[in-house]
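Notes follow the structure.
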Amino acid sequence: MPPELLDREDGAHMLGIGTIIGMPAPQSGRKIVFSSGVGYGAAVPRADDQDWRFDCVRGPLTARVLGLPAETAVTDGAILLASFDELKTPPSQREGVVFMPHISVVDLVDWAAVCSDAGVTFLDPRGDHFETLKALGRARLVLADAMHAAIICDALRVPWIPLRSSSEISGFKWLDWTLSLDMDYAPIDLPTLSPAHRAHQLKSDFMISQYLDRRQLAQGADGEMTALKAYIDHQALPKSRRVASILAKKAYASLVPSLLHSPIGDGLIKSPAQPRRELTQLFKRLSHDVPGQISADAVFDSRYDEMRRRLDALVATEMERS
């Protein structure tokens, strides 16, 4: 994001990354949204709220939820990583297959050991940001449990395959982004790999936090309507169910980390032989037999050009105000 949009003295706030629309926002000052999305939280602003300005949002589902014109949806702002040649590797020089898990499960399984069995490189989502970007750009194929691994790969034109390690992963967010680039979203579910992973799944299944039920996932227009209905239904949940969801999450967050760092922690993240073999075989099959996907060049170029145009317009507008 250009520094002139971030280093401000007028009290305005830039919301220019991630799934943060609906999360708590500053009460005072203008809020300028550029390519962010809806996905968590219930504090969704109204499109006619004078304190909010929507230059563009991540995808069509976000636009529909907020009541914005369809043309407000462009795509995720990380598409602008395509501007950085130093992150790109020519296809003929790419090598290896990379797996990046979702942040919520990274400590729950010995992913490095599982990946080693399959001849796949494990990439920790908590690593150095620039090194992570370079590692994704050098890969021949990326197995993406983390959505932003897929978003980055698509920006760098590296093929990717969507995976799902947990029901906590938001299908609403994924579908919002993939629809913005005219792609399907058909994730491959991973087996439960450890006692800690199983506990996480039970917690996730209990929490009322999924805007797109994994069993209802569909493609195209059907998927879009399913996602929107699920999101609206979630917003209408009784307060008691919201409180139960929050309490379950807090209880899990306080208990599981302490157990993982206790003397029994190693046993909680070790994978039993059968599911570990299943995942190893799956990773090998995906590495050798599945080409992965990226958005069509024409669609990508159109969204990229539009994102650059809107960013330039935003900078010009805000410079005039200062």
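The values are calculated or read from the model by the stated rules, or taken from the named source; none is laboratory data. As the structure is a computational prediction, the values presented were derived from the model and not from experiment. Ligands, DNA and RNA are stripped out before the accessible areas are found, and what is left, the full protein with its side chains, is counted by its heavy atoms. Shrake-Rupley method; radii C 1.70, N 1.55, O 1.52, S 1.80 Å.
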Original post:
Using a 1.4 Å probe on the protein chains only, how many percent of the accessible area of the range 40-164 belongs to carbon and sulfur?
Top reply: 51
**OP:** Grab the Cα-Cα distance for Ala296 and Met23, subtract it from 0.36 nm times how many residues apart they are, and report the gain in nm with one decimal.
**Re:** 95.1 nm
Original post:
HN-Hα J couplings of the range 21-37 from phi, Karplus 6.51/-1.76/1.60, θ = phi - 60°, integer Hz, Gly and Pro as x?
Top reply: 6, x, 7, x, 10, x, 6, 9, x, 6, 10, 10, 9, 9, 6, 6, x
Original post:
Using modelled amide H (1.01 Å from N, peptide plane; none on Pro or chain starts), what sits under 5 Å from the amide H of Leu163, excluding residues fewer than 5 places away?
Top reply: Ala144, Asp145, Ile188
